[in-house]
Amino acid sequence: MNLSEIFCQAKAVDTLTRAFGAGKSAHAYIFEGIEGVGKYTTAQAFAKLLLCQSPVKNDSCGKCPSCTAFEAESHPDFHHVYKELNKISKLPEHRKKQVFELPIYVIKEFLIEKVQLKPSFSASKVFVVSETEELNAESQNALLKVLEEPPNKSFIILLCTKLDNLLPTTRSRCQIVHFGPLSENIIIEKLSAKGIDKAESKFWARLFGGSLGQAEFYSNPQPSFYKIKKDFLNRISKLQLGEVVDFAQWINSTASEFTTAWLKLNPDANKSDLGRQAKRAFVSILISAFTDAMKMSFTGAPAAQEKMTNFDQPGAIKQLAERFAPEACAERIERFFESIRYIDAAVNEKLVFEHLLLNCTESDIVKERSH
Amino acid sequence: MKVKFNRAALAEALGLVTTVIPARTTKPILQGLKILAEKDKVYISATDFEIGITYLIPQAQVEKEGQAVVPAERLAAIVRESVDEVLAVEVAEATCRIKGNDSNFTIYGHLPEQYPQVPGLDGSPQIEADLVKLQEAVEHCLFATAKENTRYALSGILWEPSGKKLTLVGTDGRRLAKYKLNLNAEADKKIENEKFIVPAKTMALLDKVGAGEKDKVTVKFVNGKAIIACGKVVISSNLVEGTFPKYEDIIPADYKNKVQLNTAATLSAVRRAALITNEDSKGVKLALGKKSLVFTSRAPETGDAEIAMEVDYKGEPMEIGFNPQFLVDVLRVIREDSFELQLGQPDRPGLIKSGANYVYIVMPVSLS
């Protein structure tokens, strides 16, 4: 893909091409923005341009040996660094490890060591590092020297969803390019082109706040998360205290069913990541439902429905709105966000969901923790 | 493509070529090797994007020209286990058939167009030497290069061509090995006074190439790459970026305490003394006195050792400590029967000279 084919990120692409045109490309970039808005795609296209031997109008030519190799995914000077590279580490003890964050040995072996060798057939090398929000302080400190002045005039692009997780020392060495969320219409258009139902597309577009990647991922029809979501919300709207334990169990087993199914579609993915993704989706849906209920309480059913994320299940939302006052909703939403943090920290998921669901009943079993 | 290979010759070639194939990679095509058959020549090449190797296979009959990418490990295993004298390899699209007398294998490969280019030697070489001599020089320096170091320039061997000489240097910051090699002809004027750092991995590969006594090796540095051609094999490698430390300044020239030692006897003495060392006290003490050199080691709660050697020494008596591994490494590669040990003060590096070409310096350890 070329830079000119990137859609909806005009500002980011413009920043990159103008700097390139002026011969002032930075040697270290942070591409910042939520998941699934084209950061990696843009990084790839930009890398292709940086490596291209005869760029045309600030874009890669697509014809030179460098571009051909890039298209064939066998460019020796393009390196994608991600945490699962630990599986091909030269040290067996690293290969066996289950990785949760981007470990320092991956950064050392696949970036810091590789950057020292001269490029093979382009004038420089390009490194794209995925999920840098998961870099710990140790790994970031190891990177500092290379970021400051990459050897061989190499380019390093860090992809990041949470800029706050990067140290100030890392941020100050890089130029930050912001990637905004995509518009709802574009996502609906793209998903519809794949044969996804319009109502479903609209729901995913709204749930993930403009992330095409996430929407595409969850709208995968085999197995359909959308169907499960409808079930889930209907049950939530009527949830009684006595059902909580069984329902938490159901969420867990459903989440692991999805994890297994997704793993089959993409065997290289990290299993625990996919598991967390499934669980996070349930929490996101809960958050969206309570937000919708709040909207409904304030503006009344017909007016709210147009703008709701769960516009397709007004009945369920209405029930929630009747059961919970706006203040109660807000309080619960806050706790749900807390749960996402628990999931990311790999807290026992059964407890997380039980806790979560207890919040969806009128009972006051779960009192707010004293802060 | 259809080629008849002599099995033994092919097995030998694969033994070397497959050492380049990465065991684990994100790009499956790199686990294949490329076979190129043209007229009367068959080449096999492999690359991991950093090192590339091309091997001209002897005793191969080309029946149909062409090229193919075949999974390396499988092919090597089939060739190794087969007993036939001749193996016929036929490739159509990405399917490879290997036929022996009583055997028939089909393995699936990749399309050759997708395989990355492996550079060959074209144009005139810049350095020419005897392969055996270059390998000897590499062996003398390779062990001293850094295995784990954040200064990546030290993870390679420095090449410094000048006139009819080529200096190779390897160091890890605690020891340094320097070998001066005679070239067959003057090095190209274009690379005079230039420095190149070749990765240790590449040098180790060059050392593995089977060498006949008269084999020549030619080297060319171009576009950040070293291209080394020796006999049937061409090795290409990306160079290491960075500046090599100024090694000339740290080789001491003012030492007066010199002693000639027997290589094998010293190696044995150091190894024996090293038996009584542990993680906490790695040092072996060398006490040099009139007519004797005594190696002692001591480890708390373990014991101590003392090995005495007769020597002909006229200088000041002195004591100095070394990491025994750093001595064992160098004594293993010295080919002469004896070498010269030079010492200054106990806190200055020890210097070992062997023949006219080889210098090794090693930092002492404090034994107090």
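One line per residue, one yes/no per condition, for (1) in contact with a helix residue (DSSP H, G or I) (Cβ under 6 Å, 6 or more places away or on another chain); (2) in the same structural domain as A:LEU111 (by TED's automatic domain parsing); (3) free of Cβ contacts under 8 Å to residues at least 40 places away in the same chain:
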| site | (1), (2), (3) |
| --- | --- |
| A:PHE7 | no, yes, no |
| A:VAL13 | yes, yes, yes |
| A:ILE34 | no, yes, no |
| A:ALA45 | yes, yes, no |
| A:LYS48 | yes, yes, no |
| A:GLN53 | yes, yes, no |
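Within segment B:120-136, being closer than 26 Å to B:ARG332 by Cβ and free of Cβ contacts under 8 Å to residues at least 60 places away in the same chain holds for one residue alone: B:LYS133. Number of residues in segment A:166-209 that are open to solvent by less than 70 Å² (accessible area, probe 1.4 Å), in the same structural domain as A:VAL128 (by TED's automatic domain parsing) and part of a helix (DSSP H, G or I) equals 2. When residues in segment A:257-276 are screened for being out of contact with any helix residue (DSSP H, G or I) (no Cβ under 7 Å at 6 or more places or on another chain) and without any contact (Cβ under 8 Å) to a residue 60 or more places away in the chain, 8 of them pass. Looking across segment B:185-207, the residues that are part of a loop (DSSP other than H, G, I, E, B) and either under 25 Å from A:LYS114 (Cβ atoms) or within 14 Å of chain A (Cβ to nearest Cβ) (or both) come down to B:GLU194, B:LYS195.
In this structure, does A:MET294 turn out to be open to solvent by 10 Å² or more (accessible area, probe 1.4 Å) and hydrophobic (A, V, I, L, M, F, W, C)? Yes: the conditions hold for A:MET294.
Would you say B:ALA76 is in a helix (DSSP H, G or I) and under 28 Å from the mean Cα position of the chain (by Cα)? In short, yes. Of B:GLN59, B:GLN67, B:GLN114, all but one fail to be in contact with a helix residue (DSSP H, G or I) (Cβ under 6 Å, 6 or more places away or on another chain) and over 22 Å from B:SER236 (Cβ atoms); the exception is B:GLN59.
Output the residue which, of all residues in segment B:148-158 that are part of a loop (DSSP other than H, G, I, E, B) and either closer than 17 Å to B:THR202 by Cβ or polar (S, T, N, Q) (or both), is nearest to the other protein chains (Cβ to nearest Cβ). Filtering first and then ranking leaves B:THR150.
Picking from residues in segment A:110-144 that are among the aromatic types (Phe, Trp, Tyr) and either open to solvent by less than 30 Å² (accessible area, probe 1.4 Å) or assigned to a helix (DSSP H, G or I) (or both), the one that is farthest from the other protein chains (Cβ to nearest Cβ) is A:PHE127.
Yes or no, residue by residue, for (1) within 22 Å of A:SER219 (Cβ to Cβ); (2) part of a helix (DSSP H, G or I); (3) open to solvent by 30 Å² or more (accessible area, probe 1.4 Å); (4) of a type in the set (Lys, Arg):
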position	(1), (2), (3), (4)
A:ARG235	yes, yes, yes, yes
A:ASP246	no, yes, yes, no
A:GLN249	no, yes, yes, no
A:THR259	yes, yes, no, no
A:ASP273	yes, yes, yes, no
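Taking each residue of segment A:321-332 that is in contact (Cβ under 8 Å) with a residue 12 or more places away in the chain and looking for partners that are hydrophobic (A, V, I, L, M, F, W, C) with beta-carbon atoms closer than 6 Å, six or more apart or interchain, yields A:ALA321/A:ALA293; A:ALA321/A:MET296; A:PRO326/A:MET294; A:CYS329/A:PHE290; A:CYS329/A:ALA293; A:CYS329/A:MET294; A:ARG332/A:PHE290.
Checked against the criterion of being of a type in the set (Gly, Ala, Ser) and over 30 Å from A:LYS190 (Cα atoms), the candidates A:SER74, A:SER54 yield just one match: A:SER54.
Listed by position, the strands (runs of 3 or more DSSP E) contained in segment B:82-147 that have at least 3 residues being at pLDDT 90 or above and of a type outside the set (A, V, I, L, M) are B:95-99, B:104-108.
Every test in (1) open to solvent by less than 70 Å² (accessible area, probe 1.4 Å); (2) in a helix (DSSP H, G or I); (3) touching a residue at least 40 places away in the same chain (Cβ under 8 Å) is passed by A:LYS230 save one, and that test is (1).
Only residues that are under 30 Å from B:GLY224 (Cβ atoms) and surrounded by fewer than 23 Cβ atoms within 10 Å (Cβ to Cβ) were counted across segment B:31-50, and they come to 8. Here A:GLU73 clears all of (1) open to solvent by 50 Å² or more (accessible area, probe 1.4 Å); (2) touching a residue at least 12 places away in the same chain (Cβ under 8 Å); (3) closer than 30 Å to A:ASN270 by Cβ except the condition numbered (2). If you go through segment B:233-283 and keep only what is of a type in the set (A, V, I, L, M), within 23 Å of the chain's Cα centre (by Cα) and either surrounded by fewer than 13 Cβ atoms within 10 Å (Cβ to Cβ) or within 14 Å of chain A (Cβ to nearest Cβ) (or both), you end up with B:LEU239, B:VAL240, B:ALA264.
Inspection of segment B:324-335 identifies at least one residue that is at pLDDT 90 or above, open to solvent by less than 20 Å² (accessible area, probe 1.4 Å) and assigned to a loop (DSSP other than H, G, I, E, B).
Criterion applied to B:PRO161, B:PRO116 was being buried (at least 18 other Cβ atoms within 10 Å of the Cβ) and within 14 Å of another protein chain (Cβ to nearest Cβ), and the one residue passing it is B:PRO116. In this entry, B:ALA264 is excluded by the filter for residues that are closer than 27 Å to B:LEU56 by Cβ, in contact (Cβ under 8 Å) with a residue 24 or more places away in the chain, among the small types (Gly, Ala, Ser) and assigned to a helix (DSSP H, G or I). Put simply, of A:ILE107, A:ILE30, A:ILE34, A:ILE88 the only residue that is crowded, with 16+ Cβ neighbours inside 10 Å, under 21 Å from the mean Cα position of the chain (by Cα) and farther than 27 Å from A:LYS190 by Cα is A:ILE107. Restricted to segment B:9-28, and to residues there that are more than 22 Å from the chain's Cα centre (by Cα) and free of Cβ contacts under 8 Å to residues at least 40 places away in the same chain, the residue that is most open to solvent (accessible area, probe 1.4 Å) is B:ARG24. Residues in segment A:175-227 that are touching a residue at least 40 places away in the same chain (Cβ under 8 Å) and of a type in the set (A, V, I, L, M): A:ILE176, A:VAL177, A:LEU182, A:ILE186, A:ALA199, A:LEU207, A:LEU212, A:ALA215. The helices (runs of 4 or more DSSP H) falling completely within segment A:21-100 that include 2 or more residues that are within 11 Å of chain B (Cβ to nearest Cβ) and over 21 Å from A:SER4 (Cα atoms) map to A:92-96. Check segment A:150-162 and report whether any residue there is in a loop (DSSP other than H, G, I, E, B), surrounded by fewer than 17 Cβ atoms within 10 Å (Cβ to Cβ) and touching a residue at least 40 places away in the same chain (Cβ under 8 Å). No.
The values are calculated or read from the model by the stated rules, or taken from the named source; none is laboratory data. Because the structure is predicted, anything quoted here is derived from the model rather than measured. Using ideal geometry, Cβ is built from the backbone for each residue, glycine included, and neighbour counts are taken over all protein chains shown. Calculation scope for accessible area: heavy atoms of the full protein, side chains included, ligands and nucleic acids excluded. Shrake-Rupley method; radii C 1.70, N 1.55, O 1.52, S 1.80 Å.
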